[in-house]
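Working notes, beginning with the structure itself.
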Amino acid sequence: MKFWETELRGAVAIAAYCNPPTNYLVAEATAELAALIQSWREPEVRAVVLTGAVPERYITHYSVEELVVWGDEPDKLRQLAHGMIYGYHTLLRSLAYLDKPVVAALTGDTMGAGLELSLNCDIRVAQRGDFRIGFPEVALGILTGTGSQLLARMIGHGRALDFLLRSRTVTPQGALELGIVNELADDARTRGIEIAQGLARLSPVSVTAAKRSIVRGANLPIEEGLRIEAEEWLKTIVTPEAMALMRDYVSQPFEKRRDWVQAHGVPPAKGAATGA
């Protein structure tokens, strides 16, 4: 692929965006990402990591150059923009609804489309450093494509409105405090892969069930969300893997069961700053 460096490390698919020197997102790269998402549905992939391939760059934002090129043809721009934004919605929803956990390893500036892409991932790890995370769109006279809806659901109506209206960008630490990212790391790519490898070791049925319950159910009326959660629970309880794990758990002395749970999950890195 022209814009994505890909690797399958065990059961973890890694896609690193490479568009030096700025790592701006461009239309051709989104088409490549759509093809990648389709390939990640294969059973050999158990978890996915999105990251940057250019040192200290993640996905800075969408290429403004691509947008202003149509400025002298407003009618053509309106026609193109309609297909662009709804196509982008389809792309991001296909990532959010992928039945595999997706970790975003933010290795540099993460603004605009880069942040939108990351908000559609399941876990976000930001790299410590002089980087900025945010939505500059209002300062440019435009609006986010999906960021308002995702951000409001993630950090709350009031904070999201303030964030967008003022075109705020924050440091990785600021993003952690707001709840936009889950964890900070000195090397976000390495830590993102570590988390994904941990997720890949868990029961794929229970991981998928947990993701579906939140991503598909949490924004519905509670009765519908509970129905989705019940349906996913019924899928997990009948698997031999679940029964084997539960039997192993109950075989432990009571005083060792808490340690068992910690050992079988995916813990934070030692000394890592997390939003938990």
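Taken together, the values in this text are just the output of simple stated rules run on the coordinates, not laboratory data. All values reported here derive from a predicted model rather than from experimental measurement. Reconstructed Cβ throughout: ideal geometry from the backbone, glycine too, with neighbour counts over all protein chains shown.
A few points about this structure:
- Fluctuation leader among GLY145, GLY134, GLY52 - the chain, Gaussian network, Cα springs under 10 angstrom: GLY145
- When the GluC sites (Glu not before Pro) in the stretch 17-105 are filtered for DSSP coil states and for at most 12 other beta-carbon atoms within 10 Å of their beta-carbon, the remaining sites are GLU44.
- If you take all other residues with their beta carbon under 15 Å from the beta carbon of GLY179, and give Lys and Arg +1 and Asp and Glu -1, the sum is 0.
- Beta bridges by DSSP in the stretch 4-199, antiparallel share as percent, to the nearest 5: 30
- Extension gain for SER203 to PHE254 (0.36 nm times residue separation, less C-alpha to C-alpha distance): 16.0 nm.
- Helix axis angle, 240-250 relative to the chain longest principal axis, alpha carbon, degrees: 60
- Pairs exceeding 30 Å between alpha-carbon atoms, taken from LYS2/LYS100; LYS100/LYS270; LYS235/LYS270; LYS2/LYS76; LYS2/LYS270: LYS235/LYS270; LYS2/LYS270.
- Segment ASP130..HIS89, full-extension length gain: 11.7 nm, with 0.36 nm per residue of separation and the alpha-carbon distance subtracted.
- Neighbourhood charge, 10 Å Cβ-Cβ cut-off, centred on ALA209 and excluding it, Lys, Arg +1 and Asp, Glu -1: -1
- Relative to the longest principal axis of the Cα atoms of the chain, the long axis of helix 188-201 lies at roughly 40 degrees.
- Gaussian network model of the chain, Cα within-10 Å springs - most flexible of LEU95, LEU33, LEU165: LEU165
- Most mobile of PHE131, PHE163, PHE254 in a GNM of the chain (Cα contacts under 10 Å): PHE254
- Of the trypsin sites (Lys or Arg not before Pro) found in the stretch 196-276, those that fall in a DSSP loop while having at most 16 other beta-carbon atoms within 10 Å are ARG216, LYS270.
- Between THR22 and MET246, the FRET efficiency from the beta-carbon distance, with R0 = 45 Å, is close to 0.35.
- Every pair of different Cα atoms in the stretch 203-264 enters the Kirkwood calculation, which places the hydrodynamic radius at 13.0 Å.
- Residue-averaged [θ]222 nm for the chain, counting only DSSP H segments that reach four residues, each worth -39500 (n - 2.57): -15000 deg cm²/dmol
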